[in-house]
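Only the coordinates and a few stated rules stand behind these numbers; no lab work does. Worth saying up front: this structure is predicted, and the values here are computed from it rather than measured. Cβ: placed from backbone, ideal geometry, glycine included. Neighbour counts: every protein chain shown.
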């Protein structure tokens, strides 16, 4: 595969900026890796909605994949206790 464009919603950008610095580095690394592999090991399809979830410690990255346009759109980045609200 490879060659996907990663788009981050403005609301998700704000959530990323508010993360602790060490967590932010790890989350941004996971998001950038989605360019090459939009469905890495450990990704789960969200039930009842269109999207996927990727874990990074206690945080979750929720995103959608459009294979036709080869884009990954990051929708939310939040602590696991808040991400699905």
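Using equal-weight Cα scatterers in the Debye expression, the normalised intensity of the stretch 46-85 in log10 at q = 0.14, 0.20, 0.30, 0.33 Å⁻¹ is -0.31, -0.58, -1.03, -1.14.
Taking the C-alpha atoms only, the angle from helix 21-33 to the longest principal axis of the chain is near 10 degrees. The stretch 1-49 and the stretch 51-84 have Cα centres lying 6 Å from one another. So what's Rg/Rh here for the chain, counting alpha carbon atoms and using the Kirkwood radius for Rh? Taking Rh as the inverse mean 1/r over Cα pairs, Rg/Rh reads 0.93. Under the criterion of Cα pairs below 8 Å and six or more residues apart, the relative contact order for the stretch 5-79 equals 37 percent.
Given points 7 Å out from each Cα along the Cα-Cβ axis, report the residue 81 to residue 67 separation in nanometres with one decimal. A separation of 3.8 nm, rounded to one decimal place. A Gaussian network model of the chain, with springs between Cα atoms under 10 Å, assigns the largest mean-square fluctuation among 43, 73, 64 to 43.
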